[in-house]
Amino acid sequence: MTVAEVDYSKIEDVSEEASRLFKVMMRLEFALKDVGFFVPGRRALAEVDWVRFANDRLGADFWQSIKLADEVQVLIKAPPKKQIVDEKGHLIWQDRGEVVSVQELIAALNGVRNNLFHGGKSGDPDGNRNADLIRAALYLVDQVLKEDDVLHTSFSGA
């Protein structure tokens, strides 16, 4: 059987901002693990401990200030939907409620990245909001890095 040439043109549908978010999240995850925010006790998996980071490094003060920023309102008021498999084995989109804590905001940030990276944005009902969600996610990462000097240093490689 002869295999046809692979057409990679669809990857060009990803915006520059989405590509930037991939790179920023890649570096942020590296930096978080580098400064010790990984799930303890897991020998085989090196996963970021997002909840501990949100609670221990960002906390209520960060939430009180960031929740007022216009730039993140789309993440707070209408966070990215979550793609799940229903009881019949079909892919569906599940709404997430309004974000009410720093932990949920960080989860929304990861939701933007996950939906893009894992291909969940094909056939996405939020297609018109993707650019806004990506911009909000990039703004949030910028604010997180400004909040934490140690993380900022690791992220920047300084």
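Where Lys and Arg each count +1 and Asp and Glu each count -1, what net charge lies around D95 among other residues with Cβ under 9 Å from its Cβ?
On the way: positive: K81, K82, R96; negative: none.
Computed value for this residue: +3.
When all protein chains stay in place, what accessible area (Å², nearest 10, 1.4 Å probe) is found for F117?
Using a 1.4 Å probe on the heavy atoms, I get roughly 130 Å².
Tally up the carbon and sulfur contribution to the accessible surface of the stretch 66-121 as a whole percent, 1.4 Å probe, everything protein left in place.
Values: 1600 of 3100 Å².
Ligands and nucleic acids excluded, carbon and sulfur give 51 percent.
I'd like the orientation of helix 102-117 relative to the chain: the angle between its Cα long axis and the longest Cα principal axis, in ° from 0 to 90, rounded to 10.
Helix 102-117 and the main axis of the chain meet at about 30 degrees.
Could you do me a favour and compute the accessible area per residue for the chain, 1.4 Å probe, result in Å²? Show your work: numbers first, answer last.
Working: 9900 Å² over 158 residues.
On a per-residue basis, the chain sits at 63 Å².
Go through 2-10, 56-64 and give me the packing order, highest mean Cβ count within 10 Å leading.
Working: 2-10: 5.9, 56-64: 14.1.
Going from most to least packed, we get 56-64, 2-10.
How long is the gain from L91 to S156 if the chain were fully straight, where each residue apart is worth 0.36 nm and the alpha carbon distance is subtracted?
19.6 nm
For A60 and Q73 in the same chain, what is the full-extension length gain: residue separation times 0.36 nm, less their Cα-Cα distance, in nm?
Details: separation 13, 0.36 × 13 = 4.68 nm, distance 1.72 nm.
So the extension gain works out to 3.0 nm.
If a/c stays under 1.5 just call it rounded; otherwise compare a/b with b/c (prolate if a/b is bigger, oblate if not). Do that for the stretch 1-112, with a ≥ b ≥ c from the square roots of the Cα gyration tensor eigenvalues. Don't jump to the answer; show the numbers that get you there.
Numbers: a/c = 1.70, a/b = 1.43, b/c = 1.19.
It comes out prolate by the Cα gyration axes.
Can you give me the distance in nm between label points at D7 and V39, each placed 7 Å from the Cα along the Cα-to-Cβ direction?
Simple spin-label model gives 3.9 nm for this pair.
The values are calculated or read from the model by the stated rules, or taken from the named source; none is laboratory data. These numbers come from a predicted model, not from an experiment. Cβ: placed from backbone, ideal geometry, glycine included. Neighbour counts: every protein chain shown. Note: accessible area is taken over every heavy atom of the protein model, side chains too, but ligands, DNA and RNA are not part of it. Shrake-Rupley method; radii C 1.70, N 1.55, O 1.52, S 1.80 Å.
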